Every structure is written in C-alpha cells, then in structure tokens.
Amino acid sequence: MESAEQLRDRLLAAFPEARVEVLANPAPVAQHSLIIGATHAVQIATLLRDDPDLAFDYASNVTGVDRPDQEIKEKVTVKETVDGEEKEVTKEVTRTEPGYLEAVYHLYSMAKRHGPVILRLRTENRTDKVTLPSLTPVWRSCEFQEREIYDLFGIVFEDHPDLRRLLMWDDFEGHPMRKDYVEPDDYEWEPTPHDAVLIKAKRPADGEEAAPLAP
Amino acid sequence: MTEADEKTIQDLRRSGILLTTLEDLYNWGRSNSVWPLQFGLACCAIEMIAASMSRFDIARFGSEVFRPSPRQADLMIVSGTVTKKMAPQVVRLYNQMPEPKYVIAMGACAISGGPFKQGYNVLKGIDRYIPVDVHIPGCPPRPEALLNGLMELQEKIREQNLTGENRPHHLRSDVSGEFPVPEFGACDLEPPSNPAVWTPPEPIREGL
Amino acid sequence: MIPGVSIEEKTDPLQGQILEVSMGPHHPSTHGVFRMDVKLDGERIVSLKPVFGYLHRNHEKIAEDVSYLGSIPYTDRLDYLCSLTNNWAYCLAVEKLSGFEIPERAEYIRVIVGELTRLVNHTCLMGFFVQDLGAMGTPLMYAFREREKILDLFEGLTGARMMCNYMRFGGVRCDLPVGWIDEVKKVIAAFPRFLDEFESLLTQNEILIARAQGVGVLSKELAINAGITGPCLRASGVGHDLRKVDAYSIYSRFDFKVPIGAHGDCYDRFMIRLLEMRESLKILDQAIAALPSGQIIDPKAKSRGLRPKAGEAYGRIEAPKGELGFYLISEGGPSPYRYRVRPPSLINLTVLEDMCLGGTVADAIATLGSIDIVLGEVDR
C-alpha cells in the first residue's frame, strides 16, 4: 500500500485546491493519518473508494475526538530597549490554542486487503462552527457512527440522511463525551476509594467550612 | 400456635391427617409458583437464562414459567444495568404487574449502578424508583446466587400474614402498587429519585 | 388507544391505514433492550427504525477516567457472551500503542480461549435464533448445556464464568492450571457429537427452512458498503475474515477454512456459524497439539501504571460477531485521551431496515435473530 505521503501527493494532484496534510503518529504501530479540509472531503472520499488502485470500499471505524482550548505557556525571547540599551529578554507568554472537534475515519479495503488509511476532519471551533460534511453517502457504515458523534460530541454532519441522537434521548442537552461535560450530581455518599467521589463527598455542607483535601 | 398444638399436629400427621392453617397453605402455594417476568437488561440476564436451563433448573423452585407479559408475572428480576433511558420503562412495567408483586435486584448494577456507577446515563440503583425485596450481589451473580435469592424471596412470602400490617398488598386497599414514572429531563431523570421509596443515606463525615 | 401504537390514515381511505408499532425495549425477541419503531401496511413492513441507547452505560467515558489496566474488566461487559475476545482486542490495541511483544505460549493460550469463546457465542446464538423462530426450549437447552461445559473451563482458568478479565498487555494473567488442557481436550472431543445432533435436529427442519431461507437477504455490495463484518458478511459471499486478512496473533500457522454463503439470507447466516464452529475445533486441535512451554507475559510489559508515549493505535480482531476494534489515543497520561470501541453489533444493524422492508413482522424477528447482536456492545 502507498505511504501516507504518497497518498497525500496523489490526492493533491487530483484536487490541487484541497487541504491534505499528513499527521505523523509516533506510536510503534505508525498508523499515520491525513488531515482533510472539509470542502473537498466528499470528493476525496469518493476518489478513495472508487480508484481501482486504492479501492477503500470499507469504512471501518468512525469516531469523534474532542480537543478543548489549550493554554500553552511558552518562553519567548524578545528584544527590548531597557535604559537605552537593547537587550534580549526572555518572557513567559500564555497563549490559547483554539480547540476543535475532530471526526476520524479508519478506511480499509476488502477488495485489495490493505489499510488502514485514517482521515481526520476538523471543525473550526467547538461552539458554533461545528459542521462537517457527512460521508454516509459514500459509505453506509458511517450512518450510525456519525449519529453517535452528533449525539456525544455535537458535530453536525451535513447531508446526513437521518441526523438524530443515537444513544441519549431526544430532549437531552449537552454532549457527554466532550471533555468539559459536567455530569449530573446524582451520587449518594458512600465510602469509596474513588477520588472523584471522595472530593464530591468532602464538599462543605451548608454553613460548614470546607474540609482540606488530602494531599 | 402453642407447643401443645404443635405436638397434636405432629401426632395427627403420623396417623395420616394433615392439619395446617389457611395462611400457611395460601403462602405455600404462592411461594412455590412465583412466575418471573421475562425481562433481561444486560449481562445478568444471561445468567438468569442459564438459571432457567437444564443445569441449574429454576423449575425446581416453581419459577420456570417466564412470562413475556407483565400482566401475568409475579416477580420482576431486574437483571442488569438500569440506564436512565430505560428506567421509565422499568417503572412502567412494574406498574403493569398485578399484585402481589415482588422485585429482585440482581447484580451490582441493579443494586447501585455497580461498576458503571460513574456513568452519566446510569441509574444508581433501581430502588430509587421501586421497592426491592431481595438484593443479590455479584457481577454477575452466579445462577446459584439467583436461586438463593429466589429462596430468600420464598421465605419472605411465607412469612406474610393474611391479616395485619404485614399482609400482602393485594389484600390491602390503602396501599397503591403503582409508582410515578420518571420523565426525561435536560440531563437527568425528573425526579432523580422517588422520595416515597428512597431517601439518600445520611453522610457520615467523621473519619474522613 | 394502545400505548406505543398509532394509526396514520392514508389519503385514499380504501387503501387502509399505516400502523405504527413500537417493538421493545421490553420485547421477548429483541435480545435485550433494543427497540424497533415499525410502520406496517397490513402485515408488511414499510419502515423500520432501530432505537438505541437503552443500555448505554458510558463505557467510553469511564475508560477515559480510569487507568489502561482498569478498562479490561469493563471490556468484559461489552459483549457479555464473549468476554475473552473483548479482552483480546483491547490488549491488542494497547500492545500496538506501546509496542509490547507477546510470548509464544501466551499467543497459543489466547488462540485457545478465543476459539472456545467463539464456540460459546455461536452455540448460544443458534439457540436464541431458533427460539425466535418458535422452537421454544429444546435447542436452547442443548446449546446452554454445551455452553456450561466451556464456562466450566473458563472458570477453572480464570476464576469467573462470564467476566473472565484474563488477558493482560503483553500476555495473559496466569498460566494454565494443571490438567486444564486435558479437560479442554475432553470437551472438544465431545463437541462434534453435539454439532451433529444439532444439525440433524435443525438444518433439514421444514419449519426452519420455511422461516429462514430467502428471508432477510443482504446483497454483497450493500454488505461491504455498510461495513457489515463477521458471519453476516461472509453469509453474503464475501470471504473476509480478519484471521486470514490481518493474520493477527499466530493465526497464519493454522490450517482452517473460511465458510462463505451464497444467498445472504437468514439460513446462510445460521449455517455459516455451524460451519465456523467446526473450523474452530480444527484450530483448537492444532493449537493444543503445538502449545509450547515458556513465559506467559512479556517481562518488559507493564500493566499497572502504564503510560504509553503519545500516539494512537487502532487494533482489531475477528470477534465472533465481527470486527471488534479499539481505537486509543494516548497523550502520555495514565488513562487514554480517547478510547473508542468499534462495535460490530451496532454497525451490523445498519442494514436491518433494508433487510426487513417488504417482509412481515415475523421475518423481521428472524432477521434480527440471525444478525446476532448483544446490547452491551451495541450501546456500550
């Protein structure tokens, strides 16, 4: 099978305006993935499926990944003029990397028996621009899995034939698989070694002072 | 019954005359034909099926008649994780069962949420909505454990009186066997528990 | 007015009505808490929408909170009929992520317990399937009788009947007890007799043929496009078995065939499983004969406090129900950043509506039974 770089070059040759980047995977298994721009995603998927050399006729696993906004602290060297003298000063700067939601597709070929090719589609942010094109028209196997991503992560798939919540009930609010989802507090107190439950149990009752948490 | 009565009964039994009370006879009949609802939720349901198969043979205890309809069942074996999406259905099924009815919470999930207790969609114990008669711990409990739970329930049925406070619900007009069905809320069930059946345990803050 | 049933008038009153029935989540033949919203025109199905989530236990969310090791008991409870193959798929993904090597003996033990799990799953499925067709009791009792024999083996090896929690990253948890292999030999020597008995009881049975042949037909093209895997795919005539395609573990060393169906109907799906069990017995014989001695776990492998380096891996195996995959993203922490199960049962249900349209309700029950789902895996 072609390497991820060869595949990227082939896709860029077919769609010069598309965004195709290789995302290297440092794990020993080295399953590298391709980041695909949303605008050409359906065309690229169709090419991957219909090209006789590639023949990725089988989309095995479709899933979402949540990447919240990240605060990155880094040291920047800036030239500053102090007392008329130019000096190099190292400053610590905090910048916020904007978060996004990601849909990951693992493609295999049953005809050629090769794979996987991993496609990653990213939304612009996590709040209002969360639309991605649906690949269900290309591979039927995405149908329920994209519905699940819509349910649990909140990515809206355009042109999906039946985009409803899959697992939670229809009136449910929020997307529970997101990293910042706050679960309903419906525990009763019990002695348990689970830290999270202990912390919940140690919350101060009315009028009490907060108990110090164990180090 | 006094000791002398007991002795007379034993003597009569030796000469072929069987004496019993109506209460004992009635409860003997009830306790040995507890028909469960054919109702599986998760992993424990497989062990429940295994208990009804040839090796464990729940028929020895008169409970092999798994009824598909709640209208014909006496016993609901809550076998498996009750999710919040499923809980209203479970309560509704319980409401549809005729009195007298009993509930066995089979497995850790049905008792308290078990290993899935942290889950946002998992109900932390079915006793938040309906009264449970017997709890069977285990994940999943072995079929023998289910049989033991069933025997416990039979014991409980045999100890019920036909009169007085302890009488089964179908003999009392003042107690309703129906419980309100919870509704789906924004992120949890409404209400999250039924205060008439379940109150949260008091937190013990000493020793923490 | 019956709850769960509604009637929709057609524009032409002489054409009758469309009846909408909600089957499940409590229904004797939906294999657990599965629901189908069915629209009927007379006896014929015009629309069938599966409804999921009644057993959504948040496995993925919990697994992102607990350690890598702590997820193994949870994988047991995915497809609760085949806990060992679930363990295997998860361990395979972690091994791909962190690069552990598996000793020979552990590979053989994995193959032996994996194929025994396939026997358990297929016997149960066949019992449930014929029960859905109306054979109440007898075949299911036969199936469970055999299942108990294999569960005794699992109990002897792992201490638990159903939730085995046996595999570890880079190997297995404990070595085989003394005399265990002899017990396995006894069970698999007696197994063909059960299969013969089951076949003579069912395969030529007139009712089974009438209820299953030509029902729920799935075409080859749709099966591939919809990502159907496992016996359902092979019944439609696609020779795709990950034991051959990926040749993961040591499956390339064994001589076995992959049965393929011709029609893609319920009967083919039933027969494929019967034939697969005979192939599993072949693999078991070969694996037991060649079982080497040695280590059972990679000494470099770490179970407690495992923190794989940043990266991701997708590992998949041929579970009894189809391709079971685990997708893990590590950020170097003690628990996975993203943990995803690729559930074969859920994806095999994609085509349920296509297979049932135009058929009767009874056919839909047969079709659902032949797909072989376990709700713990469908909803996770």
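Of the residues screened, B:Ile130 is not one that is in contact with an Asp or Glu (Cβ under 7 Å, 6 or more places away or on another chain), β-branched (Val, Ile, Thr) and outside any helix (DSSP H, G or I).
Of all the residues that make up segment B:181-201, how many are in contact (Cβ under 8 Å) with a residue 12 or more places away in the chain and either surrounded by fewer than 12 Cβ atoms within 10 Å (Cβ to Cβ) or of a type in the set (Asp, Glu) (or both)? Quick ask: steps written out before the conclusion?
Narrowing segment B:181-201 to residues in contact (Cβ under 8 Å) with a residue 12 or more places away in the chain: B:181-184, B:187-189, B:192-194, B:196-198.
Next, only the ones that are either surrounded by fewer than 12 Cβ atoms within 10 Å (Cβ to Cβ) or of a type in the set (Asp, Glu) (or both) stay: B:183, B:188, B:196.
Residues that pass the stated criteria total 3.
Can you pull out the residues in segment B:46-74 that are under 20 Å from C:Leu151 (Cβ atoms), among the acidic types (Asp, Glu) and touching a residue at least 24 places away in the same chain (Cβ under 8 Å)? Result: B:Glu47, single match. Among the residues of segment C:122-138, those that are within 11 Å of chain B (Cβ to nearest Cβ) and assigned to a helix (DSSP H, G or I) comprise C:Cys124, C:Gly127, C:Phe128, C:Gln131, C:Thr138. Among (1) facing chain C (nearest Cβ under 9 Å); (2) in contact (Cβ under 8 Å) with a residue 40 or more places away in the chain, where does A:Pro133 come up short? (1) is the only condition that A:Pro133 fails. Entry remark, segment C:71-97: residues being closer than 18 Å to B:Thr81 by Cβ and open to solvent by 10 Å² or more (accessible area, probe 1.4 Å) number 5 in total. Looking at (1) within 11 Å of chain B (Cβ to nearest Cβ); (2) more than 28 Å from B:Gln89 (Cβ to Cβ), find the lone condition where C:Leu84 falls short. (1) is the only condition that C:Leu84 fails. As for segment C:18-36, it holds at least one residue that is touching a strand residue (DSSP E or B) at 6+ places or on another chain (Cβ under 8 Å), open to solvent by 40 Å² or more (accessible area, probe 1.4 Å), of a type in the set (D, E, K, R) and at pLDDT 75 or above.
Scanning segment C:51-74 for residues that are in contact (Cβ under 8 Å) with a residue 40 or more places away in the chain, outside any loop (DSSP other than H, G, I, E, B) and either under 30 Å from C:Glu353 (Cα atoms) or hydrophobic (A, V, I, L, M, F, W, C) (or both) yields C:His59, C:Glu60, C:Ala63, C:Leu69, C:Ile72. Residues of segment A:135-146 include at least one that is acidic (Asp, Glu) and open to solvent by less than 30 Å² (accessible area, probe 1.4 Å).
When we screen A:Arg140, A:Arg67, A:Arg113, A:Arg120 for residues that are at the interface with chain C (Cβ under 10 Å from one of its Cβ atoms), touching a strand residue (DSSP E or B) at 6+ places or on another chain (Cβ under 9 Å) and closer than 21 Å to C:Gly325 by Cβ, the only hit is A:Arg140.
A count restricted to segment A:153-167 and to residues that are at the interface with chain C (Cβ under 10 Å from one of its Cβ atoms) and touching a Phe, Trp or Tyr at 6+ places or on another chain (Cβ under 9 Å) stands at 4. Where strands (runs of 3 or more DSSP E) fall entirely within segment A:1-105, those with at least 2 residues that are of a type in the set (A, V, I, L, M) and either exposed (fewer than 12 other Cβ atoms within 10 Å of the Cβ) or more than 18 Å from the chain's Cα centre (by Cα) (or both) are at A:70-82, A:85-97. Do we find that B:Ser52 is open to solvent by 10 Å² or more (accessible area, probe 1.4 Å), more than 14 Å from chain C (Cβ to nearest Cβ) and closer than 18 Å to B:Glu152 by Cα in this structure? No: the conditions fail for B:Ser52.
If you go through segment C:37-50 and pick out every residue that is buried (at least 19 other Cβ atoms within 10 Å of the Cβ) and touching a Pro at 6+ places or on another chain (Cβ under 9 Å), you end up with 0.
Checked against (1) of a type in the set (Gly, Ala, Ser); (2) assigned to a helix (DSSP H, G or I); (3) at pLDDT below 85, B:Ser176 passes all but a single condition, namely (2).
Within segment B:64-98, the set of residues being open to solvent by 10 Å² or more (accessible area, probe 1.4 Å), under 14 Å from the mean Cα position of the chain (by Cα) and within 14 Å of C:Tyr54 (Cβ to Cβ) comprises B:Leu93 only. Hey, does segment B:125-142 have a residue that's over 30 Å from C:Met163 (Cα atoms), away from chain C (no Cβ under 14 Å) and open to solvent by 60 Å² or more (accessible area, probe 1.4 Å)? No, every residue in segment B:125-142 fails to be over 30 Å from C:Met163 (Cα atoms), away from chain C (no Cβ under 14 Å) and open to solvent by 60 Å² or more (accessible area, probe 1.4 Å).
The values are calculated or read from the model by the stated rules, or taken from the named source; none is laboratory data. This is a predicted model, so every value here is computed, not measured. FYI the Cβ positions are ideal-geometry reconstructions off the backbone, even for glycines, and counts take in every protein chain you see. Ligands, DNA and RNA are excluded from the accessible area calculation, which covers all protein heavy atoms including side chains. Shrake-Rupley method; radii C 1.70, N 1.55, O 1.52, S 1.80 Å.
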